[in-house]
Every structure is written in structure tokens, then in C-alpha cells.
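The values are calculated or read from the model by the stated rules, or taken from the named source; none is laboratory data. None of these values were measured; they are calculated from a predicted model. Every residue, glycine as well, gets a Cβ built from its backbone with ideal geometry; the counts of neighbours run over all protein chains shown. Areas reflect the complete protein model, heavy atoms only, side chains present, ligands, DNA and RNA absent. Shrake-Rupley method; radii C 1.70, N 1.55, O 1.52, S 1.80 Å.
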Amino acid sequence: MMAKMQSPTIENPNVLLPVNPAIEQYMRSLVKKTDHPVLVEMEALAKQKNFPIVDRLVGTSLEVLAKMINAKRVFEFGSGYGYSAYWFARAVGAEGRVVCADGNAANKVKAEQYLSSAGLWDRIDFHVGYAQEIFSQTEGVFDICYNDVDKGEYPNVWQMAKNRIRPGGLYIADNVLWHGRVAIENFTDIVSGWTEAILTHNELIFNDPEFDAFINPTRDGVIVARRKMA
């Protein structure tokens, strides 16, 4: 059963900011050209509801990464109301597909509203339910598997996804620095065991001989792992 979604930005005196906010503000100023009424509305809702989205800087990086490998088929483990899907849908083009999975039916309704307004809904297959089950029921390999489910499930999602990414394709996961909890001894976790699960997840990826990996520390840390070519 999925834990109730809680924001990774929950107050905690024992967390570290991976990137100085002034630096992120500067980087944000460089991507003003990506402003779109739908994005502004989605970001405002996230702020109002304290809903965890990847936000603009990570979103733009997702689009660029997807375009760099000419991604046409993406699977999202945990889609929320479609913020990250917005960026992937832009990248895959009119012939591409982004398979979204989220446990909250209300998020699908919001995603359809937002992504339809942006002219991207026809590139989306949005499924409501347990993301891992939906993935198991979806055939084929993917150019990108994107992971943003409950953090205790991260190691399991990695194990499921890694063999269904094409050579040269990417595994991407959000929140892998968990607001610095991965780097300190005394922390207050949102759900018991989540930090330990992220630590395990990250180590599994960096120790996997079939993948090259790095972590982009922007916002809350995004791991990008590329499956090596045969």
C-alpha cells in the first residue's frame, strides 16, 4: 500500500540544502523563456497545497535529457497531476508516448485539464493505481523510466525498471538527496525507513556495472543513470 504523499520539504532543522537558494534563483532566471500559463498555474497549486513537484529547473533538465537521447517512450512511476509529464511530453513529440501512473484519481483529472490546455494530452497514457503493478502490466522497453513514488519503494522500482530500459536509455529518480538527510547522521524522516531506502537505492545504481550514473543536486537531487550500450 502506498503511503500518503507528503512533501519532501517538510520542516526539519537537520537538513541541508544541496544548492544555495541564490544560485537556484539565478538559474531560474535563465529559463524564463519556458514560462507558460499552464506551468505557472501548476506551480502555484504546488505551492498552495505543499504538493511535491520537480519544479522548473528539474523540469527543463528532464526535457533536455529526453531530447538528447531522442526518447519516444517514457514511463513515470508517480505522476502527480502531470508536472513532470509536461516536460517529457514536450520532449517525445507528437509521435511519442508518456505512460503515467499515479494512485490518486483526482490527479488524473487535474493532469488532463492542465496537459490538454498545453496541447499535450494526446501524448499521455495516464493510469490510476499502484505504479509498480501498472508497469508490470505494460509491455515493452522504455527510453526513460522516471521514478517519483513513495521513497521506501525506490530500491524496488529500480530493480523492476533497470532491465526494461533500452541500451543508451535513462533511469531518472527525484529526491535522491532527500534534502540532505542522506549526508547527515541525525535527521527527522518523514516516514521511518525512507532515508535508508534512498541510500540503498543510490548505492545500487552506482554499483551496477551496466549503468553510468550521476546526481544533479538541483532542488532535492536527481539521479540520472544511463544503461550502457551492448
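Can you pull the accessible area of Val182 for me, 1.4 Å probe, Å² to the nearest 10?
40 Å²
How large is Rg over Rh for the chain, taking Rg from the Cα atoms and Rh as the Kirkwood inverse mean of 1/r across Cα pairs?
0.93
Roughly how many Å² of Ser61 are accessible to a 1.4 Å probe, to the nearest 10?
Near enough 30 Å² of accessible area.
Just want to confirm a number: the relative contact order over the chain, from Cα pairs under 8 angstrom separated by 6+ residues, in percent.
Computed value for the chain: 22 percent relative contact order.
Hey, got a sec? Which trypsin sites (Lys or Arg not before Pro) in segment 105-171 land in a DSSP loop and have at most 10 other Cβ atoms within 10 Å?
none
What's the magnitude of the charge dipole for the chain around its Cα centre, counting Lys and Arg as +1 and Asp and Glu as -1 at the beta-carbon? Answer in Debye, nearest 20.
600 debye
Segment 22-52 to segment 196-230: how many Å between their Cα centroids?
One Cα centre to the other: 26 Å.
What's the magnitude of the charge dipole for segment 143-183 around its Cα centre, counting Lys and Arg as +1 and Asp and Glu as -1 at the beta-carbon? Answer in Debye, nearest 20.
160 debye
For segment 33-79, what size does the Cα cloud have along each of its three principal axes, sorted from largest down, in whole Å?
The Cα atoms of segment 33-79 stretch 34, 28, 15 Å along their principal axes.
Can you spot the lysines whose alpha carbon is less than 30 Å from Lys49's alpha carbon? Ignore those fewer than 8 places along the same chain.
Those lysines meeting the cut-off are Lys4, Lys32, Lys33, Lys108, Lys110, Lys151.
With each run of n ≥ 4 DSSP H residues scored as -39500 (n - 2.57), what mean residue ellipticity at 222 nm is computed for the chain after dividing by its residue count and rounding to the nearest 500 deg cm²/dmol?
-11500 deg cm²/dmol
Restrict the search to segment 157-230; then list the GluC sites (Glu not before Pro) that DSSP places in a loop and that have at most 15 other Cβ atoms within 10 Å of their Cβ.
Filter output for segment 157-230: Glu185, Glu210.
Mind checking the full-extension length gain between Lys49 and Ser29? Use 0.36 nm per residue of separation minus the Cα-Cα distance, one decimal, nm.
That works out to 4.8 nm of additional length.
How much accessible area does Thr200 have with a 1.4 Å probe, in Å² rounded to the nearest 10?
Here the residue's solvent-accessible area equals roughly 70 Å².
Using only alpha carbon pairs under 8 Å that are at least six residues apart, calculate the relative contact order of segment 73-132 and give it in whole percent.
In percent, rounded to a whole number, it is 41.
Give me the one-decimal nm value for the distance between modelled label points at Asn70 and Ala230, 7 Å along each residue's Cα-to-Cβ direction.
1.8 nm
Under the classification rounded if a/c is under 1.5, otherwise prolate if a/b is larger than b/c and oblate if not, where does segment 102-230 fall, given a ≥ b ≥ c as square roots of the Cα gyration tensor eigenvalues?
In terms of gyration-tensor shape, oblate.
Within segment 94-150, list the GluC sites (Glu not before Pro) lying in a DSSP loop whose Cβ has at most 13 other Cβ atoms in a 10 Å radius.
Glu95, Glu139
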